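Inspection log for the structure reproduced underneath, given as structure tokens.
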Amino acid sequence: MRVLSNGYTLRKVGLDCISSLANLHKSAFQRGWGAHDFALFLQDKHMRLTGAFPSKRHDPAGFLLLRVVADEAEVISLAVSRRHRRKGLGAGLMDMAIDELYDEGVKTLHLEVDEKNRAAVRLYEQLGFDIVGERKAYYPSDKGSAGNNALIMQLAIADE
Ligand SMILES: CC(C)(COP(=O)(O)OP(=O)(O)OC[C@H]1O[C@@H](n2cnc3c(N)ncnc32)[C@H](O)[C@@H]1OP(=O)(O)O)[C@@H](O)C(=O)NCCC(=O)NCCS
């Protein structure tokens, strides 16, 4: 658990949060996950779900979902609800996760991000991630045109 200087608390989420996490995910991504998906993540020993909470009684304002297998970890999803953005929650969730992964001896953290997602790319660059690859037209387009490319980004945690 970690408390940010602006009062938000970062902590593991439980089953009581899955509906609000599903709503948050749907509001941030085109293909939203349901509460059932989040319930399955909570049962998966390789998945880690952390939320950012404005206070004890509030629903999560953001979350980070990681998959950790052996000495590698992957960001599966990260989202912050619109009215809580630019308050350091995305960076705070990632920072806490990176510190925990470092303590566990995990060596690399990787992710895929839409190259047009300026906010997320900036956030990951600021955290020290490097672009190590690209997947062409990875994100499906609704209009039949070629989809956006995905950047593959990686952080060498052992060097942090
Ligand atoms: C990407 C996202 C998680 C960032 O969350 P956030 O809590 O607003 O980010 P933070 O406040 O921690 O910002 C940290 C840094 O990221 C960068 N950043 C964040 N939002 C940005 C924006 N809209 N434009 C440019 N840079 C941005 C900045 O470098 C920022 O540092 P600064 O505020 O000191 O300038 C959030 O915009 C979001 O949920 N987007 C929709 C879902 C998504 O795209 N998830 C990522 C999928 S890979």
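Every read-out reported here was derived from the displayed coordinates using simple, explicitly stated rules and does not represent laboratory data. Quantities reported herein were computed from a predicted structural model and do not represent experimental measurements. Don't worry about glycine lacking a Cβ; one is built from the backbone with ideal geometry, like all the others, and counts go over all protein chains shown.
Among the residues of the stretch 132-148, write down those that are of a type in the set (S, T, N, Q) and surrounded by 15 or more Cβ atoms within 10 Å (Cβ to Cβ). Passing the criteria: only 148. When residues in the stretch 99-124 are screened for being closer than 14 Å to residue 72 by Cβ and away from the ligand (no atom under 13 Å from the Cβ), 7 of them pass. So in the stretch 96-136, with the set limited to residues that are within 17 Å of residue 3 (Cα to Cα) and touching a residue at least 40 places away in the same chain (Cβ under 8 Å), which one is nearest to the chain's Cα centre (by Cα)? Here the residue is 97. Applying the condition of being within 15 Å of residue 104 (Cβ to Cβ) and of a type in the set (Gly, Ala, Ser) to the stretch 58-91 and asking which residue is surrounded by the fewest Cβ atoms within 10 Å (Cβ to Cβ) yields 70. Filtered by the rule that a residue be within 15 Å of residue 7 (Cα to Cα) and hydrophobic (A, V, I, L, M, F, W, C), the stretch 73-95 gives 89, 91, 93. Scanning the stretch 1-45 for residues that are within 15 Å of the chain's Cα centre (by Cα) and part of a loop (DSSP other than H, G, I, E, B) yields a total of 4.
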